[in-house]
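Just so it is clear, none of the values below were taken in a lab; they were calculated from the coordinates. Bear in mind that the values here come from a model prediction, so they are computed numbers and not experimental data. Neighbour counts are summed over all protein chains in view; Cβ atoms, including those assigned to glycine, are modelled from backbone coordinates with ideal geometry.
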Amino acid sequence: MSSTIKGVDGKLRCHWSAAAPEFIEYHDTEWGYPVGDDIRLFEKLCLESFQSGLSWRTILSKRENFRAAFSGFDFKKVAKYDDADIEQLLQNEGIVRHRGKIEAVINNAKCAVKLAKEEGSLAAYFWRFEPDPNSQSQIQPQSVSTSIESIALAKDLKKKGWKFVGPTTVYAFMQAMGLVNDHAYGCVLREQVEKARKQFKRPVS
C-alpha cells in the first residue's frame, strides 16, 4: 500500500489522513508541527494515553469534551482534582470513562507541576528527547511505533511517577508534537512541517 493518497484537491497526503473525514484538518494543521506550549503538550500526552486500546478517531471526536472535563488540560488545575472529581468524570458520557486512565491524568498532572518547576517548563524537558536529525533520516516515516528516544522518555517519565506513558504512546506523542517529522515522503505537508521545525525555537530550561 502506498504511504500517500491523493486528496480531492489533487495533493498527496499521508495515507492515514483519508481514514476519516476529520483527519484531514488534523493532518494538515496540527500533526507534526512543533509545539512548545506546556498545556498542549500535556493535553496530547493525556489524549494519547486515553487512546491506548482505542482508535485516534474516537479520541479526536471527543477532544472538546475532554478539554471541558479536564479544565482545558491546565495541569495545575487538574492536579487539584479529588475523589469527587473522579466520580464525576466517571459519569461523563462525553469522554472515555476508564477509571485507570482518568486517575492517571490526575496523577500525571501532579507530576507535571513538579516537572515544570524542576525543568522550567514541560517543553524544555520534552524537547531534550528530540532525535538527532541524522539518525531520524535513516528511518522510513511511519515505519516504526517506538524509537530509542521514545523508550528513553517513557522510562524517565515512569521513573518520575507518570502513568500510562509507554514507549508507543510516547512515540505517537512525539510524532504529533513535532519532535519528529513523520509525514510520508511525497506528502504535501512534509516540507511545510520541516520548515516549521527549522524555524522553531527549541525551549530551554
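For this structure, a couple of remarks:
- The P(r) of segment 1-105 has a tail past 20 Å containing 45 percent of all C-alpha pairs.
- Rounded to the nearest 20, the size of the Cβ-charge dipole of segment 36-179 about its Cα centre is 200 debye, with Lys and Arg at +1 and Asp and Glu at -1.
- Selected from Leu189, Leu179, Leu54 as most flexible by GNM, with the chain as the system and alpha-carbon contacts under 10 Å: Leu54
- Coarse-grained scattering of segment 106-205 at q = 0.10, 0.11, 0.14, 0.22 Å⁻¹, given as base-10 log I(q)/I(0) from a Debye sum over alpha-carbon atoms: -0.29, -0.35, -0.56, -1.20
- ³J(HN,Hα) computed for each position of segment 85-90 - Karplus, 6.51 cos²θ - 1.76 cosθ + 1.60, integer Hz, glycine/proline x: 5, 4, 5, 5, 5, 5
- C-alpha long axis of helix 99-119 to longest principal axis of the chain, angle in °: 80 degrees
- Distance from the C-alpha centroid of segment 1-57 to that of segment 126-197: 14 Å, rounded to the whole angstrom.
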